[in-house]
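Following: one structure in structure tokens, then a few remarks.
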Amino acid sequence: MTSTSHDPRAWQRPEDLAERPASARLVDPEDDVPSSSPYAGDFETTAIPRYDSGTPSQEQSGYGLLNEPEPLPYVQPAGRHPTPVAEPTEIEPDDVSETVAGRRGTQDLGLMLLRVALGAVLIAHGLQKAFGLWGGQGLNGFQQSLADMGYQYSNILTYVGVGGQIGAGVLLVLGLFTPLAAAGTVAYLINALLAAVAAQPDGGYRAFFLQDGHEYLVMLLVLAAALVLTGPGKYGFDAGRGWARRPFVGSAVALVLGIGVGVGIWVLLNGANPLA
């Protein structure tokens, strides 16, 4: 058994004996709780280490009691670690093509004029073949002319030719699916041109182009090929599509496809040599 001392100085800390006056040396009830108690509640405080000191010991930090990592020490910014300065950069516009399209002047208006003119010509000739309007030959007359020119399956080609001619004309006027419509026009006009050359009495192409001066089909063919490459312009239903703003690879492929289909139809279904 040990006896409890009744001396008030036994309940006070050494530093309190040296610093506090005699009249202020009162017993603090909280001094009874040892600092090594497992409860780190209101009686314990966390000491924040200085930034210029080393790694604090486990006794000076309260983070070890909670099994948490100690915070990184604060480092004063020094000259050896300068803060990078952001350089001003030039901001590019979101869509350069729209800016370029706004500076095209009357180019879109010219493309619309060419497109509508070609489409109107195709529609008019298609209606002549389909219904006999404006002195046209009608479906029966068009089928007979195809048979006379040497085409096989003229009964099927009659409806394909009339429907394709009117449909391509309507799409060109509206500016809708312009590369496909113009490519189909190229295929149709190639067959019309080759059939007209082959039907010459002399059987030669020089008389057709030079002596007789039949450049009408040639100009329509060149106009259709140009519309495939240039696109319809912004005055049409294709204004928001890529082939209207920046035609490139797709338009070139469409032109090659139109030429290939036109030549293939002539070779497979007619087979005559227009240059003989």
| message | Cut-off is 10 Å between beta-carbons; in what order do Ser145, Ser251 appear when sorted fewest neighbours first? | response | Ser145, Ser251
| note | Classified through the alpha carbon gyration tensor (a ≥ b ≥ c as square roots of its eigenvalues; rounded if a/c is under 1.5, else prolate when a/b is larger than b/c, else oblate), region 109-269 comes out prolate
| query | What order, most packed first, do the peptides 172-179, 135-142, 159-166 have when packing is the mean number of other Cβ atoms within 10 Å of each residue? | reply | 172-179, 159-166, 135-142
| query | So how do Val267, Val261 line up by other beta-carbon neighbours within 10 Å, fewest first? | reply | Val267, Val261
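The numbers here are math on the coordinates, done by the rules we state, and not lab data. This structure is a prediction, so every number in the text was calculated from the model and none was measured. Don't worry about glycine lacking a Cβ; one is built from the backbone with ideal geometry, like all the others, and counts go over all protein chains shown.
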